[in-house]
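Throughout, read-outs are computed from the coordinates displayed, never taken from laboratory work. What you are looking at is a predicted structure, and each value in this text was computed from that prediction instead of being measured. Counting neighbours? That spans all protein chains shown, and the Cβs are built from the backbone with ideal geometry, glycine included.
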Amino acid sequence: MHRNRLDGPFAWTRQRFETTGRWRFELTRTEIDDLDRAVDAARTAGRSPRDLRREDFPLPVLGEKLAAIADEIENGCGVARVFGLPIERYDETSVELLWMGIGRHLGALRNQDPHGQIIRRIVDEGPDRGERYGRIDDNGRPFLSSRARVASAGALRWHTDRVDVVALLCVRPAMRGGVSRLASSVEVRNTIAARRPDLHDVLCNDIYR
C-alpha cells in the first residue's frame with residue numbers, strides 16, 4: 001500500500017496556508033467596472049440567473065484574474081477568496097446574475113438538489129427545518145441531517161461537498177458567527193499515513209456505503 005507523503009500546494013497545514021497569499025485575490029476598480037457592465041448586459045438581454053450563459057456575461061478585464069482563480073482551485077491549494085466586491089450596491093437580481101456569471105467563467109454549474117436548485121440562500125429557516133429536511137431522534141435529542149443543519153444558525157460538521165468547486169457569497173453578514181473552517185484533505189491523508197498506517201490501508205480499500 002502506497003504510504004509516501006503527497007506533497008505540493010494542495011497539502012497544507014494552517015501555518016503554511018496563512019503564510020502564503022496565493023489564495024487571496026483583490027478586485028481592482030477596473031475589474032469591478034467590468035462586472036458592472038456584465039450585469040447590465042445580462043439584465044438588458046433579459047437573462048435570468050438560471051439560463052445565463054458565459055457569453056451573456058462577458059468579462060474581458062476580469063477574465064484573466066478568474067483564470068488565475070480557477071487554476072489555484074484546480075492545481076494549487078484548492079481555495080480562493082475574493083476581496084473588494086461592493087455587494088451592498090447590487091439588488092437581489094443583480095447579485096444572483098453576478099454570482100452566476102462568475103460561476104460560468106469558473107466551471108460548469110450543477111444543481112444543488114433533486115429539484116434543480118442552482119443557488120441556495122443560506123439562512124436560519126426556523127425550528128421546523130428538521131421536519132422539512134430530515135432528522136432522527138437520538139435518545140430524545142434531535143440529530144439534524146446535513147441539509148437541515150445548513151438551514152440553521154448552528155455549527156456544521158466537517159464535510160466535503162459532492163461537487164468539485166463550491167462558491168460561497170456573503171450578502172448580509174450576521175452580527176456574529178459565520179466563520180468557515182478549512183482543511184486540506186491531502187494533508188489529512190498524509191497525517192493518517194504517518195501516524196496510523198494501518199488505518200490508512202483500511203481507508204484505501206473499498207468501503208461500502
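Using only Cα atoms, tell me the angle between helix 29-44 and the longest principal axis of the chain; keep it within 0 to 90° and round to the nearest 10. Helix 29-44 sits roughly 70 degrees off the main axis of the chain. Among the trypsin sites (Lys or Arg not before Pro) within the range 169-199, those in coil by DSSP and having at most 13 neighbouring Cβ atoms inside 10 Å are 176, 181. Looking at the range 13-72, the trypsin sites (Lys or Arg not before Pro) that sit in a DSSP loop and have at most 16 other Cβ atoms within 10 Å of their own Cβ are 22, 50, 53.
Neighbour counts of C-beta atoms inside 10 Å place 100, 175 in the sequence 175, 100, starting with the fewest. Seen from residue 50, the other residues with C-beta closer than 15 Å to its C-beta sum to a net charge of +3, counting Lys and Arg as +1 and Asp and Glu as -1. Seen from residue 143, the other residues with C-beta closer than 10 Å to its C-beta sum to a net charge of +1, counting Lys and Arg as +1 and Asp and Glu as -1.
The mean of 1/r over all distinct Cα pairs in the range 74-135, once inverted, gives the Kirkwood hydrodynamic radius of 14.8 Å.
Sparse packing (at most 16 other Cβ atoms within 10 Å of the Cβ) combined with a DSSP loop state is found for the following chymotrypsin sites (Phe, Trp or Tyr not before Pro) in the range 94-186: 158.
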